[in-house]
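Student: Provided herewith is a single structure, encoded as structure tokens, for subsequent inquiry.
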Amino acid sequence: PEAIAHLAEAYKRDRSPSTAFMYARALQPRLAEQARFTSTLGRMWSATYSPNGRQIVTTDDGGAQIRDAQTYRALFALPHGAEVYHAIYSVDGAKLVTAAKDAVRVWDSTSGTLVQTLENNDGRKDPNYYIAAMSFDGRLIAAIDGAGAVTQVWDGITGAAVAQLHSEAAAFPSLAFSSDGRWLATTGGNDVRVFDTRTWRSALVLPGPRIHKLVFAPAGSRLVTGAATGDVSIWSIPSGTRVQHLREIGESVDALAFSADGELVVAGSGDGALQIWRSHSGAIQSQLNPRRSRVLAVEFDRTAKLVLSASADGTVTVADASLGISLTVLDGPQSAVRVAHFDPSSQHVIGASKDGTARVWDSASPYLRWNSPPVAVDCGMRMPVVPDGRFIAVSCAGHATSVWDTSKDQLLAELPSTSSRGIDSSDVSAVSNDGTRAAVAHGTTVDVYELPGGRLLRSIEHLAPVNALAFASTGGDIASGAVDGSLVLTRSNGESLRLPGLAGAIDAVAFLPDRRLVAADARRQLRIYRLDGAVLAELDMPGRVASLRIDGTRLVTVPIAPVSSPVPNAPVSSPVGPPLLVDLESYRIVARLDGHIGRVFSARWVSGHRIVTAGGDGTVRLWDGSTGQLRQTYRGGPRYLTDATLAANGFVLAGGADGQLWFWDQETARLLWTLPVHKSQLTGVHVEGEDIVTRGFTGELSRWRLPKPEQVIGACGDQERCAILAR
């Protein structure tokens, strides 16, 4: 709130694009809040949706309230006269069970009338029922006290007490029924006791120490436990066999959940970390730490695509369960959010907090519009000759080559896997500028395919592995270069011309707009050809070239990083040099773009005949495209940046090793904002109209849209929660 107020004051004085951008980004999370409820008394303990999503129930220090989930209108007040710690709906939603300090009660959710008060049978005046559970068929209701010492079980039909079970009291109570109702597991915060619900005898004791959370799988009898020691284990019940040891040590596990299909398990820890495992194999699927604040509750949505975490810092984070990236942070109160739940549609989240409020948020990401799934653990860092644009081929060793139209989020074709023995472990593929052709290298062969669909048009043969491909800027002509220095020009009609070869392996090849061809080899030669095969010029370069970026008659080279194993015909060592600005009319090097420390990952021509470079020193640099003079330096974090460009609003943006997009004011170089977009490093970023498309190290693509500042500021100004914070 203080930051928003500060930016609001700055915006009053300065309506510049950068100030408006920062103010809007700070306000954006506030727009997610759809409703806010205040407790009838004191703290808000719980909040959840009915199974059909039509109702919301909240509990507080005085009672419970049922509301309409669409209009947020209060439907029924459920008076208790005591703290109500927990409320759950029956599977069919007809009944509501509340666990309170004095008793457990069963309510008719359609009328709000009290059906039963479930009394304890040991004469305790304040049994302090803290958590309730109901078997899937509704025949059993159980509740455990706040100390974790006593669990009372009732017949869910008659209300009669059927069992009283005891645990070691350690003030961390948790309980759960198995999906078939055969087993009831309880813990007071140390050992876990599993009871047979047919006889109420103890069937199993899972020794701690300090097991704080337990959850049964939605089907079968697997039980996952989480301990203060950091241990997370999955057990087979009733044998007690540990079928998966997901984690042995770490921060205290304070929240656990199974996905609805039982395939995934998520654990939230005291240090704010979320870890998601595949429950049957024990393999970790993803992990993140979005808030660095203790996680108090976790839950998958019904599709298991999303996972939420409620934190002690007063926020709820919704993340992509597969990618392990935060999609939206839902700003809440200044105190902890105890619990949070998705609605059945996954479109909304409700959370209850210690400050006496419950909030409903829109759970959709304000920025993410689309993303494709990851392809492989490592898709390499090879930079394409042409910067990322509308059509992208995702090539990962051992996997199909996916060709995407990023303007339509459309998969055009899945082509056979590439294979390469080139300068790195990456694979070689290319897409024509008009998106009608794709080429994939398979060792010594280049296959050219029609898009969309992927019909094979022709194959181009080399005598050595192909290491470089490029389409002409218009039409279907393609150039292919191999590690033996051979270079082949193949026309769109299939005719081929073998150009005079180079002495070293072909590192990069590119067409010029006037239909000349440029190739660079491992012997540090840059050669310019006419398309009839005549050599026009040859330049000695100070280093090897990874890619060639063309703008009219100017070229910028992106240098190759040192390699551990030499390519055939390559020098023994390949020192890294700076990008070079080359004039393709006079055939001379105009300037060295000196400034970056270490490797330069990308160079791109941008408006105004300028060049943007991104490097291993965590900076982006803007250069004059005529003279090579450095115009501005944009400093990021300590990790490398792999690609950079200009956003539609004129800001400089880049992505890199930390998986974030970085935004700077172009004129002042002031850092404005960062947005997490991938769990691993970015390998490409480009702008599509008002959208930003990013490519990740594991082969996934994502599309992002930043709502315009004036839209956010205007919308927030019309809503009380934003106006209060902005004053």
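Student: Does segment 668-675 contain at least one residue that is assigned to a helix (DSSP H, G or I), in contact (Cβ under 8 Å) with a residue 24 or more places away in the chain, surrounded by fewer than 19 Cβ atoms within 10 Å (Cβ to Cβ) and not basic (Lys, Arg)?
Tutor: Among the residues of segment 668-675, not one is assigned to a helix (DSSP H, G or I), in contact (Cβ under 8 Å) with a residue 24 or more places away in the chain, surrounded by fewer than 19 Cβ atoms within 10 Å (Cβ to Cβ) and not basic (Lys, Arg), which makes the answer no.
Student: A further question on this structure: Residues Val394, Val360, Val403: which one is farther than 30 Å from Ala47 by Cα, open to solvent by less than 20 Å² (accessible area, probe 1.4 Å) and modelled with pLDDT of 95 or more?
Tutor: Val403
Table: residues versus (1) part of a strand (DSSP E or B); (2) under 22 Å from Gln152 (Cβ atoms).
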site	(1), (2)
Ala163	yes, yes
Gly181	no, yes
Thr186	yes, yes
His212	yes, yes
Ile249	no, no
Ala255	yes, no
Ala260	no, no
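Student: I'd like the full set of residues that are part of a strand (DSSP E or B) and crowded, with 21+ Cβ neighbours inside 10 Å, limited to segment 528-549.
Tutor: If the condition is that a residue be part of a strand (DSSP E or B) and crowded, with 21+ Cβ neighbours inside 10 Å, then Tyr529, Val545, Ala546, Ser547, Leu548, Arg549 are the ones that fit.
Student: Looking at Glu688, Glu710, can you tell me which residue is open to solvent by 50 Å² or more (accessible area, probe 1.4 Å), modelled with pLDDT under 95, over 16 Å from the mean Cα position of the chain (by Cα) and charged (D, E, K, R)?
Tutor: Selected residue: Glu710, the only one of Glu688, Glu710 that is open to solvent by 50 Å² or more (accessible area, probe 1.4 Å), modelled with pLDDT under 95, over 16 Å from the mean Cα position of the chain (by Cα) and charged (D, E, K, R).
Student: Are any of the residues in segment 497-506 under 41 Å from the mean Cα position of the chain (by Cα) and under 22 Å from Arg604 (Cα atoms)?
Tutor: Checked segment 497-506: at least one residue is under 41 Å from the mean Cα position of the chain (by Cα) and under 22 Å from Arg604 (Cα atoms).
Student: Another question, if that's okay. May I ask you to list the residues in segment 243-282 that are open to solvent by less than 10 Å² (accessible area, probe 1.4 Å) and of a type in the set (Phe, Trp, Tyr)?
Tutor: Trp277
Student: Oh, and also: When only residues in segment 452-472 that are farther than 24 Å from Gly501 by Cβ and not in a strand (DSSP E or B) count, which is most open to solvent (accessible area, probe 1.4 Å)?
Tutor: That would be Pro452.
Student: Please tell me if Gln34 is under 26 Å from Ser345 (Cα atoms) and part of a loop (DSSP other than H, G, I, E, B).
Tutor: no
Student: Output the number of the condition that Thr642 fails; it satisfies all remaining conditions of (1) closer than 18 Å to Arg610 by Cβ; (2) surrounded by 18 or more Cβ atoms within 10 Å (Cβ to Cβ); (3) among the β-branched types (Val, Ile, Thr).
Tutor: Every condition holds for Thr642 apart from (1).
Student: Looking only at segment 116-161, which residues are open to solvent by 60 Å² or more (accessible area, probe 1.4 Å) and either outside any strand (DSSP E or B) or under 21 Å from Gly93 (Cβ atoms) (or both)?
Tutor: Glu119, Asn121, Asp122, Gly123, Arg124, Lys125, Asp126, Phe136, Asp137, Arg139, Ile157, Thr158
Student: Residue under question is Asp301, and the condition is that it be among the acidic types (Asp, Glu), in contact with a strand residue (DSSP E or B) (Cβ under 8 Å, 6 or more places away or on another chain), modelled with pLDDT of 95 or more and within 30 Å of Ser236 (Cβ to Cβ); does it hold?
Tutor: yes
Student: Report, by residue number, each residue of segment 306-341 that is open to solvent by 20 Å² or more (accessible area, probe 1.4 Å) and in contact with a Ser or Thr (Cβ under 7 Å, 6 or more places away or on another chain).
Tutor: Across segment 306-341, the qualifying residues are Leu306, Ala312, Asp313, Ser322, Ser326, Leu327, Val329, Asp331, Ser335, Arg338, Val339, His341.
Student: Yes or no: segment 425-438 includes at least one residue that is touching a Ser or Thr at 6+ places or on another chain (Cβ under 6 Å), under 29 Å from Thr613 (Cα atoms), open to solvent by less than 40 Å² (accessible area, probe 1.4 Å) and not in a loop (DSSP other than H, G, I, E, B).
Tutor: Yes, segment 425-438 contains at least one residue that is touching a Ser or Thr at 6+ places or on another chain (Cβ under 6 Å), under 29 Å from Thr613 (Cα atoms), open to solvent by less than 40 Å² (accessible area, probe 1.4 Å) and not in a loop (DSSP other than H, G, I, E, B).
Student: Just give me the residues in segment 645-660 being within 19 Å of Ser326 (Cβ to Cβ) and surrounded by fewer than 24 Cβ atoms within 10 Å (Cβ to Cβ), in sequence order.
Tutor: Selection gives Ala657, Asp658, Gly659, Gln660.
Student: Let me ask something else. What is the one condition in (1) closer than 28 Å to Asp658 by Cβ; (2) at pLDDT below 95 that Arg621 does not satisfy?
Tutor: Condition (2) is where Arg621 drops out.
Student: Let me ask something additional. Across segment 676-694, what is the total count of residues that are polar (S, T, N, Q) and part of a strand (DSSP E or B)?
Tutor: So the answer is 2.
Student: Under the condition of being on the phi < 0 side of the Ramachandran plot and in a loop (DSSP other than H, G, I, E, B), which residue from segment 550-563 is most open to solvent (accessible area, probe 1.4 Å)?
Tutor: The qualifying residue most open to solvent (accessible area, probe 1.4 Å) is Pro562.
Student: For segment 476-483, state whether one or more residues are among the hydroxyl-bearing types (Ser, Thr, Tyr), closer than 30 Å to Gln410 by Cα and open to solvent by 50 Å² or more (accessible area, probe 1.4 Å).
Tutor: Checked against the condition, which is being among the hydroxyl-bearing types (Ser, Thr, Tyr), closer than 30 Å to Gln410 by Cα and open to solvent by 50 Å² or more (accessible area, probe 1.4 Å), segment 476-483 yields no hits at all.
Student: Among the candidates Ala77, Ala94, single out the residue that is open to solvent by 50 Å² or more (accessible area, probe 1.4 Å), closer than 28 Å to Asp126 by Cα, modelled with pLDDT of 95 or more and among the aliphatic types (A, V, I, L, M).
Tutor: Ala77
Student: Pairs please, first residue from segment 455-474 and on the phi > 0 side of the Ramachandran plot, second anywhere and in a loop (DSSP other than H, G, I, E, B) and open to solvent by less than 10 Å² (accessible area, probe 1.4 Å), Cβ atoms under 8 Å, 6+ apart in sequence or on different chains.
Tutor: Here the result reads none, with nothing in segment 455-474 linked to a residue that is in a loop (DSSP other than H, G, I, E, B) and open to solvent by less than 10 Å² (accessible area, probe 1.4 Å).
Student: Those residues that are open to solvent by 50 Å² or more (accessible area, probe 1.4 Å) and aliphatic (A, V, I, L, M), I need them from segment 363-389; list them, please.
Tutor: Scanning segment 363-389 gives Ala364, Val377, Val386.
Student: If you go through segment 9-49, how many residues are among the small types (Gly, Ala, Ser) and either modelled with pLDDT under 90 or surrounded by fewer than 20 Cβ atoms within 10 Å (Cβ to Cβ) (or both)?
Tutor: Final tally of qualifying residues: 4.
Student: What are the pairs with Cβ atoms under 6 angstrom where one residue, in segment 228-244, is touching a residue at least 24 places away in the same chain (Cβ under 8 Å) and the other, located anywhere, is of a type in the set (Asp, Glu) and part of a loop (DSSP other than H, G, I, E, B)? Sequence gap at least six, or different chains.
Tutor: Gly230/Glu251
Student: Give the residues of segment 169-179 that are surrounded by 16 or more Cβ atoms within 10 Å (Cβ to Cβ) and part of a loop (DSSP other than H, G, I, E, B), sorted by residue number.
Tutor: Ala169, Ala170, Phe172, Pro173, Ser178, Ser179
The values are calculated or read from the model by the stated rules, or taken from the named source; none is laboratory data. Note that the structure is predicted; figures quoted are calculated from it, not measured. Please note: Cβ atoms are built from the backbone with ideal geometry, for glycine as well, and neighbour counts cover all protein chains shown. Note: areas computed on protein heavy atoms with side chains; ligands, DNA, RNA excluded. Shrake-Rupley method; radii C 1.70, N 1.55, O 1.52, S 1.80 Å.
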